[in-house]
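Asker: Quick one: this structure, given as structure tokens, is what I'll be asking you about.
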């Protein structure tokens, strides 16, 4: 048998440190607004992601905008020539 299949029978597992060393009091729990903390974390996350995407799109978008504007000017100039004939 491998070690993964054997159960761990050591009693040292319950002495491992936990993430929270003390429990919050009832007053502290009432004062914490978990929904607000979650919304704040989401807002910061999406601002970071969207800011990065906007910077990348801005760099590529300027070149694309200039190219499309140039193409539109050429097309309208060609249409104006066709209309005058």
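Read-outs throughout are calculated quantities, based only on the coordinates presented, and are distinct from any laboratory measurement. Given the structure is predicted, the values throughout are model-derived calculations rather than measurements. Here the Cβ is made from the backbone with ideal geometry for all residues, glycine too, and neighbour counts use every protein chain on show.
Asker: With each label point set 7 Å from Cα along the Cα-Cβ vector, what nm distance links residue 36 and residue 24?
Answerer: Roughly 1.2 nm, to one decimal.
Asker: So between residue 47 and residue 79, what do we pick up on full extension, going 0.36 nm a residue minus the alpha carbon distance?
Answerer: Numbers: separation 32, 0.36 × 32 = 11.52 nm, distance 4.38 nm.
The residue 47-residue 79 span can extend by a further 7.1 nm.
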